[in-house]
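Step one of this worksheet: look at the structure below.
Bear in mind that the values in this text are calculations on the coordinates, not laboratory data. Note that the coordinates shown come from a computational prediction; the quantities given were computed from them, not determined experimentally.
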């Protein structure tokens, strides 16, 4: 939530409420209960962001299934906004097309940072050490390594976003910014 709120603050968007739905397996339950919450009738638009993990297409289909089961409008593709009330839009991270997650989006945004070369060399070195296991999730590992190179290395990604460590004007964030601005 800190990451999303930090970007909304940067974009001077104050009329968007960010909520966690508890992960991809809990989205369906969240959407069903959303419709019976007080204030739901005032909801103008609903934006759902989710990691692609291994497949942006499969992630989008999963979100569409949850929307359909909850009786909400279903966009025909990622990034599209339905015309129903509430309007519904889906963003599959990192870019609506490729496998990955929020960390991949952030890595794309900091891709010009020369520190990433050092981080890649570090992981090559780690990989060359016999009997050493690679991290299960290289994008998360690379982001943690990048965060460790910042002024306060103890910050997590959301805290780093709030602290201004991420270059919000990077083209890597353009699609995600468009998604938020359209809500």
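Binning the C-alpha pair distances of the chain at 5 Å intervals from 0 yields a P(r) profile of 1, 8, 15, 19, 19, 15, 10, 7, 4, 2, 1, 0 %, listed from the shortest bin outward. Calculated mean residue ellipticity, 222 nm, the chain: -12500 deg cm²/dmol, from DSSP H runs (n ≥ 4) at -39500 (n - 2.57) each, averaged per residue and rounded to 500. A viscosity of 1.306 mPa s and a temperature of 10 °C, combined with the Kirkwood radius over Cα pairs in Stokes-Einstein, give a translational diffusion coefficient for the stretch 67-107 of 141 µm²/s. With the biggest extent put first, the Cα atoms of the stretch 102-162 measure 38, 21, 20 Å across the principal axes.
Helix 115-128 versus the longest principal axis of the chain: what is the Cα-based angle in degrees, 0 to 90, to the nearest 10? Around 70 degrees separate the two axes.
Take the chain, connect every pair of alpha-carbon atoms lying under 10 Å apart with a spring to form a Gaussian network, then pick out the residue of 51, 104, 15 with the largest mean-square fluctuation. Fluctuation is largest for 15. Largest GNM mean-square fluctuation among 112, 161, 141, using the chain with Cα springs under 10 Å: 112.
Here the chain carries DSSP beta bridges of which approximately 20% are antiparallel, counting only pairs with both residues inside.
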